[in-house]
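J.: The structure under discussion is supplied below as structure tokens; questions concerning it will follow.
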Amino acid sequence: MKTTVVYYSRFGTTRTVAAALAEELGAEVREIRAMRECGFMGMGFRSVFGIRMPIRPMNLDFTGVDRIVLCAPIWAGKPANPARTFLQEAKLDGVKLAVLFATGGGETGASVEAIRKLVAGKRVEVTFLGAIVTRKKDEAQLRAEAKEPVRKLHNQEGE
Ligand SMILES: Cc1cc2nc3c(=O)[nH]c(=O)nc-3n(C[C@H](O)[C@H](O)[C@H](O)COP(=O)(O)O)c2cc1C
């Protein structure tokens, strides 16, 4: 199964997790980058009000890719806006989408719903790998936390 890990990260924790995941899976990695980053208040505001954050040009074609593992931080209860823009713009038809959140320990229910809405109507099979609480964790701890989602992904392959 050809897997691509796609991530957005503002402060680096999601990047660390995504890199560890990709290494374990032997997967290609693509980074979502915001056209313009903003400060803490701006991020929260944009997230709450669903204000679109444009992303930099990236390869949005997943022809030949069976599965995307999307790693995204949660901002104010919702997936970080650049990850939402990615889901709107990417050619996802026919892929399996596995989503992993990086969080400060808050609720993920609204983020799960937001992702479901974003891919509704597309031919995408979405699953959720849970959340990694990144607060006060160093790089080694974050990398270790990636083991559980990798296990879940391997289980999916066996199904
Ligand atoms: C603006 C903003 C809002 C956040 N809101 C939440 C939240 O609602 N719930 C939560 O669990 N974590 C929240 N966090 C924490 C991030 O999801 C967490 O620190 C994540 O690991 C950041 O990823 P990054 O280091 O890749 O940018 C928020 C962080 C920021 C910057």
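Read the figures in this text as sums done on the coordinates, not as results from a lab. Because the structure is predicted, anything quoted here is derived from the model rather than measured. Don't worry about glycine lacking a Cβ; one is built from the backbone with ideal geometry, like all the others, and counts go over all protein chains shown.
J.: Take peptides 65-78, 33-46, 87-100 and line them up by average Cβ neighbours within 10 Å, highest first, as a rough protection proxy.
T.: Working: 65-78: 22.1, 33-46: 13.2, 87-100: 19.0.
The peptides rank, most packed first, as 65-78, 87-100, 33-46.
J.: Another question, if that's okay. Run the count for the chain, please: Lys pairs, Cα-Cα under 26 angstrom, 8 or more apart or on different chains.
T.: Count of close lysine pairs: 27.
J.: How large is Rg/Rh for the stretch 1-88, to two decimals, with Cα atoms and a Kirkwood Rh? Don't skip to the end; give the middle numbers.
T.: On the way: Rg = 13.1 Å, Rh = 13.4 Å.
Radius of gyration over Kirkwood radius for the stretch 1-88 works out to 0.98.
J.: For the chain, build the convex hull from the C-alpha positions and give me its volume per residue in Å³.
T.: Numbers: hull volume 16.3 nm³, N = 159.
Convex hull volume per residue, Cα atoms: 102 Å³.
J.: For the stretch 3-158, what relative contact order do you get, as a whole percent, if you take Cα pairs closer than 8 Å and at least 6 residues apart?
T.: 24 percent
J.: From the helices alone, meaning DSSP H stretches of at least four residues, give me the mean residue ellipticity at 222 nm for the chain, per-run term -39500 (n - 2.57), in deg cm²/dmol to the nearest 500. Don't jump to the answer; show the numbers that get you there.
T.: Values: 6 runs with 61 residues, N = 159.
After summing the helix terms and dividing by residue count, I get -11500 deg cm²/dmol.
J.: Per residue of the stretch 120-125, in order, report the coupling 6.51 cos²θ - 1.76 cosθ + 1.60 (Karplus, θ = phi - 60°) as ³J(HN,Hα) in whole Hz, putting x for Gly and Pro.
T.: Computed from phi, the couplings for the stretch 120-125 are 4, x, 9, 7, 10, 9 Hz.
J.: Moving to a separate point now. Rounded to the nearest Å, what's the spacing between the alpha carbon centres of the stretch 94-125 and the stretch 65-81? Just the number, please.
T.: Between the Cα centre of the stretch 94-125 and that of the stretch 65-81, the gap is 7 Å.
J.: Can I ask one more? Hey, got the dipole for the stretch 3-158? About the Cα centre, +1 on K and R Cβ, -1 on D and E Cβ, debye to the nearest 20? Provide the component values of the computation, followed by the final result.
T.: Numbers: 24 positive and 17 negative charges, 101 e Å.
It comes to approximately 480 debye.
J.: In addition: Looking at Ile115, Ala98, Leu142, which one has the Cα that reaches farthest to the positive end of the dipole of the chain (charges on Cβ: Lys, Arg +1; Asp, Glu -1)?
T.: Ile115
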